[in-house]
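Just so you know, all these numbers are worked out from the coordinates, no wet-lab data involved. Predicted, not measured: the structure shown is a model, and the values here were computed from it. Don't worry about glycine lacking a Cβ; one is built from the backbone with ideal geometry, like all the others, and counts go over all protein chains shown.
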Amino acid sequence: MARVPDLPLPSSVDVSRRMSRQRSRDTDPERAVRRLVHAAGLRYRLHLRVPGLARRTMDFGFPRERLAVFMDGCFWHGCPDHATSPRSNAAWWREKLDRNMARDTETTAHLRALGWTVLRFWEHETPEEAAAVVIAELRRKREREQRSAPPPP
């Protein structure tokens, strides 16, 4: 099997093994927030596709209310407080992580242009705080929808 030319060689077997185990979905912070939202009696859809953008998904969302939730990892998404820059293959990693951040910005702008509310949380934020924001925003959207609905005949 041929190697993809733009991928650098791993700096060590241990690093390669550790990076291959990194989850891209259903991370511990994501699951913790989802658990609290579910315990509040709210139901969501997992890994919803972003409309109009191939190969992009929300961590979870509420399609009827157009509410998208993303739990961003500090390393992969460039947290201003906790992001680190690998020393091995530094140029390749910088480009990769910059593309991730640009894709996040593009995805958020695209969803907002379609009328979605986008909530992004860092993995270091407490699940309780993130879940409280999700719950409050969803309830606010539902109350607004009920107020604007025509009265029954």
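For segment 24-125, taking the reciprocal of the average inverse distance between every pair of different Cα atoms yields a Kirkwood hydrodynamic radius of 14.6 Å. Take the Cβ atoms of R64 and A132, set R0 to 35 Å, and the FRET efficiency comes out at 0.95.
Label-to-label distance, Q146 versus T27, with points set 7 angstrom from Cα along the beta-carbon direction: 3.4 nm. For the pair A109 and R139 in one chain, pulling the backbone fully straight at 0.36 nm per residue adds 8.5 nm over the alpha carbon distance. Packing around the peptides 79-86, 66-73, 111-118, taken as the average count of other Cβ atoms within 10 Å per residue, puts them in this order, highest first: 66-73, 111-118, 79-86.
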